[in-house]
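So the structure is just underneath, and the comments pick up after that.
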Amino acid sequence: MKKYECTVCGYIYDPAIGDPDHGIKPGTAFENIPNDWVCPDCGVGKSDFKVLN
Amino acid sequence: MRKIKNDVYWVGYIDWDLRNFHGYDTPHGSTYNAYLILDEKPTLIDSVKHYGADEMIRRIKQVIDPSKIQYIISNHTEMDHSGSIDVLLKHCPNAQVVCSPKGEEGLSRHFKKNWNFKVVNTGDTLDIGKRKLTFMLMPMVHWPDSMATYSAEDKILFPNDAFGQHYASTERFADEIGVGLAYDEAAKYYANIVLPFGSQVLKALEGASKMDFDMICPSHGMIWRGKEQITGLVQRYVKWANYESDAQVCITYDSMWHSTEAMAKRFYEVIDMAGIPVKLMNLQTSHMSDVVTDVLKSKVVLFGTSMLNNRMLPTVGALMMYLKGLKPKNRFALSFGSYGWSMVGFKELETSIQDAGFELLGEGKYIRFIPDQDELAKLDSILPLIQAKLAAK
Ligand SMILES: [Fe+2]
Ligand SMILES: [Fe+2]
Ligand SMILES: [Zn+2]
């Protein structure tokens, strides 16, 4: 599973960690995060994330 | 104008009248600091709010003809630091505006102009003559566009809002107003502006630790100088960014008919008698921005409200909304209050407390109408819960 980076603030979504504070369990692929999820640091939506190389 | 190092001048604007910075209570006013470096290519770092443009230009003119400025470095898009760039560019039409990629987006959205931008990233340098300035992006400290400028030759870090304080003074250095006071104002600034961004602050501090500087020139308030002052400041930032707090308690509340107030005062008495530092902050007299400063310092916070139309009082609601955005971590809280018939608003308060990131210490303490002596005495049972949390590392 790929990591994704927030292009606004640099937050990195790591599927191994998830975002448990906001209901995203560890092991959740970025693609499977609900569409209303937002960056926990700056608040932008999924569309502002890009795959981290 | 004030010379702060050889060929480096403070040319900012002092906002003596400011009493409210988007809701942040600023009883001492503030400053927007701009710094002019004289070199082959004179460079201005940060600028001021739009209404301070004339004063800044007057100060620049004490040093050089503004038209000689080659670079205007915008470390941060927010208009308290960039709001006068358009006026400034009329005086130095050939100057390039140096900013981060997000800075270019942000400034373009604010001014709707195609300025001559020079976009920089972390590690990029700008040759201005004898000096080479280095940039470090600091996303979310405290906006996506935020960055710091570093002058190795001058041993100065220009971190914009980071390390700032809202404090207007004729003095420019922290030691000139008293370092303790400057630290207190830096704490209030951190609590109100920087608190949500602990992990990003740690990243920025890590980057700054590789730089050698003996002066920090923030965009608000006093300049920090000397190893001791700077170490003390950085240690505080590390502590706050790790969401550490002190073994103290803050009781904040609002009350309609003095019952919630009586509860607050009973808590205050029992905690104080136990020798624990505790502060009582009535939201009718303490400003929300001071309350969050005490939240920054306190491991335990007690939130009290009366029920008004089955809801928490608006002052408490506003505080909770503010805290939800500021996201303090590693802290414990308890709710309390007086009610007449319905308690549904207390559920909302408990949810708000948890949404803001606090862990509840235990069940909220709620009393119908006016507490009697027995009921007040029962409130003392929270003391061991608080002591246990304060004793834990
Ligand atoms: Fe700012
Ligand atoms: Fe600012
Ligand atoms: Zn983000």
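Quick look at the numbers
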read-out: From A:50, A:46, residue being within 14 Å of another protein chain (Cβ to nearest Cβ) and of a type in the set (Lys, Arg); value: A:50
read-out: Some residue of the range B:306-324 being surrounded by fewer than 19 Cβ atoms within 10 Å (Cβ to Cβ), out of contact with any strand residue (DSSP E or B) (no Cβ under 9 Å at 6 or more places or on another chain), free of Cβ contacts under 8 Å to residues at least 12 places away in the same chain and among the polar types (S, T, N, Q); value: yes
read-out: Residue under evaluation residue B:134, criteria (1) closer than 22 Å to residue B:52 by Cα; (2) more than 14 Å from chain A (Cβ to nearest Cβ), criterion not met; value: (1)
read-out: Of the criteria (1) out of contact with any helix residue (DSSP H, G or I) (no Cβ under 6 Å at 6 or more places or on another chain); (2) at positive phi, which one residue B:46 fails; value: (1)
read-out: Residue count, the range B:131-166 (criterion: of a type outside the set (A, V, I, L, M, F, W, C) and either more than 13 Å from ligand 2 (Cβ to nearest atom) or out of contact with any helix residue (DSSP H, G or I) (no Cβ under 8 Å at 6 or more places or on another chain) (or both)); value: 12
read-out: Boolean, residue B:43 is within 16 Å of ligand 1 (Cβ to nearest atom), modelled with pLDDT of 95 or more and polar (S, T, N, Q); value: no
read-out: Test: residue B:164 is at pLDDT 95 or above, open to solvent by 20 Å² or more (accessible area, probe 1.4 Å), among the small types (Gly, Ala, Ser) and in the same structural domain as residue B:139 (by TED's automatic domain parsing); value: no
read-out: Strands (runs of 3 or more DSSP E) lying entirely in the range B:24-126 (those with 1 or more residues that are surrounded by fewer than 17 Cβ atoms within 10 Å (Cβ to Cβ)); value: B:117-119
read-out: Enumerated helices (runs of 4 or more DSSP H) restricted to the range B:155-220, each holding at least 1 residues that are polar (S, T, N, Q); value: B:198-208
read-out: Filtered residue count, the range A:13-42, keeping only those that are loosely packed, with under 13 Cβ neighbours inside 10 Å and either aromatic (Phe, Trp, Tyr) or outside any helix (DSSP H, G or I) (or both); value: 9
read-out: Within the range B:127-137, tally of residues that are open to solvent by less than 10 Å² (accessible area, probe 1.4 Å) and assigned to a loop (DSSP other than H, G, I, E, B); value: 1
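The values are calculated or read from the model by the stated rules, or taken from the named source; none is laboratory data. The shown structure was predicted, so the numbers you read here are calculated from the model rather than taken from an experiment. Heads up, the Cβs are rebuilt from the backbone with ideal geometry, glycines too, and the neighbour counts pull from every protein chain shown. Protein only, heavy atoms only, side chains kept; ligands, DNA and RNA dropped before computing areas. Shrake-Rupley method; radii C 1.70, N 1.55, O 1.52, S 1.80 Å.
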